[in-house]
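The values are calculated or read from the model by the stated rules, or taken from the named source; none is laboratory data. This structure is a prediction, so every number in the text was calculated from the model and none was measured. Cβ coordinates were reconstructed from backbone atoms using ideal geometry, including for glycine residues, and neighbour counts include every protein chain displayed.
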Amino acid sequence: MLSRRRFLESAFGVAMAASLGAAEGMRAPRIVLRSSWQTVNIGDIAHTPGVLALLEKYFPEAVITLWPSNVDNGVKEMLQARFPKLLFVAPRTDVAKLYAENDFLLHGSGPSLVGEKQIARWRQLGPKPYGVLGITQGKPSAETVEVLSGAAFVYFRDSVSLETAKAAGVKCPVMEFGPDGAFATDLRNEERAEAFLHGWGLERGKFLCCIPRYRNTPYWTIHQERAIDPVKQKRNDEMKEHDHAQLRAAMIAIVKQTDLKILICPEDRTQMALGKEILFDKLPDEVKERVVWRQDYWLTDEALSVYVRSAGLFGNEMHSPIMCVGNGIPAIVCRWAEQTSKGNMWKDIGLSEWLFDLDDEAQLAGIVPAVLAMAKDPVAAKAKVAKAQTLLRARQQAAVGRVRTAVRA
């Protein structure tokens, strides 16, 4: 027989607990989700709807309040359309008010413990629990060690972060690998996606997506108030050709050896111009005829609706591949040291053959063959994705089970 805890963490138990709670007139558990870090990157946007989708699936009786850093540029409206019951508070909402009104603080996925200051304030107010779901963690400060150790659970989105935290002395009772929330993102804007694809002659299953990226995101080109960082700009310029040569070679090989087209598209607002300069403009004219360069930024719902109509994705970004694999689409990740340890999650979910370290010159020659194999054998590629999805879903359900257990404790 299932223990009460395992029963509550099972999908059937989730549904039964929700109905029993409603029947008994119990107050719905209330969770405040600290997430939504910025809106200039569709991957950063994707963290929030992914975690919300998991809570909706495995903890449907919970009332969720989103405590964002930023939901401008149409992101709030997009979230409201997908999650009409979601409550919102302002970024600078008083922590004491949130503490009084909610039972649990959940820190969503991100590049680090982004909301550490808010968690620290929550801890000062009393014994109500908090947890962390899907972050990367470099060597933590003493203060961060204390905050993580006091959590009901901490899920790290890559195994390197998990081992780093352990080595630094974090003593949280539950520390495990837990997928980035963006894997569960299911946003869609079918109308915009269909219009875009039709306008450029891209057919379902007949194109691959390719995403460029600078070593360091030049935020000074997005936010006028930010001064240029000359050191990072120099590094970007030095590595730009090196980091995109293999992507161009893969595009040329795809056009010459298959009937697929290529869509060069962005994950953040700095990548449209980069994609034209370093990828499209340097292609042979006969190859350009089967390559589309997207010149506009898009939101996560439209992007994901395009990705799921593609035959796969490759490039130098992380979260578009995450969204692809979470939705059954093959994706190859190229990375480098500046992107922290997050790329190791591809190894953690069994996709090491689709992970390439551009700082390791020995790995560069494998990129074009991997992209070609993904394109030429879609059945095998989809089978790899399906295997990874099985692992992801088990870890996702277990993680939300911990949320349920902590809230109900």
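Key figures
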| item | result |
| --- | --- |
| Failed criterion for Gly328 (all others in (1) under 30 Å from Phe153 (Cα atoms); (2) in contact (Cβ under 8 Å) with a residue 60 or more places away in the chain; (3) out of contact with any Ser or Thr (no Cβ under 6 Å at 6 or more places or on another chain); (4) part of a helix (DSSP H, G or I) hold) | (4) |
| Count of region 67-85 residues which are over 21 Å from Cys324 (Cβ atoms), surrounded by fewer than 23 Cβ atoms within 10 Å (Cβ to Cβ) and of a type in the set (A, V, I, L, M, F, W, C) | 3 |
| Number of the exception - Glu353 against (1) free of Cβ contacts under 8 Å to residues at least 40 places away in the same chain; (2) crowded, with 19+ Cβ neighbours inside 10 Å; (3) not β-branched (Val, Ile, Thr) | (2) |
| Failed item, numbered, when Gly366 is tested on (1) outside the structural domain of Asp180 (by TED's automatic domain parsing); (2) buried (at least 22 other Cβ atoms within 10 Å of the Cβ); (3) more than 17 Å from the chain's Cα centre (by Cα) | (2) |
| Every residue from region 204-220 that is within 22 Å of Leu283 (Cα to Cα) and among the charged types (D, E, K, R) | Lys206, Arg213, Arg215 |
| Given (1) closer than 24 Å to Val325 by Cα; (2) without any contact (Cβ under 8 Å) to a residue 60 or more places away in the chain; (3) touching a helix residue (DSSP H, G or I) at 6+ places or on another chain (Cβ under 8 Å); (4) not basic (Lys, Arg), index of the condition Asp229 fails | (1) |
| Flag for Gly350 being part of a loop (DSSP other than H, G, I, E, B) and of a type outside the set (Ser, Thr, Tyr) | yes |
| Selection status of Ile45, under 25 Å from Thr144 (Cα atoms) and within 19 Å of the chain's Cα centre (by Cα) | yes |
| Pairs with Cβ under 7 Å, 6+ apart, first in region 390-409 and under 15 Å from Val325 (Cα atoms), second of a type in the set (Val, Ile, Thr) | Leu391/Ile349; Leu392/Ile349 |
| Count of residues meeting criterion [part of a helix (DSSP H, G or I) and either closer than 29 Å to Ile45 by Cα or not β-branched (Val, Ile, Thr) (or both)] in region 235-270 | 20 |
| Residue list for region 371-400, restricted to those being touching a strand residue (DSSP E or B) at 6+ places or on another chain (Cβ under 6 Å) and closer than 14 Å to Glu353 by Cβ | Val371, Met374 |
| Qualifying residue in region 299-311 (condition: among the aromatic types (Phe, Trp, Tyr), assigned to a loop (DSSP other than H, G, I, E, B), touching a residue at least 24 places away in the same chain (Cβ under 8 Å) and out of contact with any Phe, Trp or Tyr (no Cβ under 7 Å at 6 or more places or on another chain)) | no |
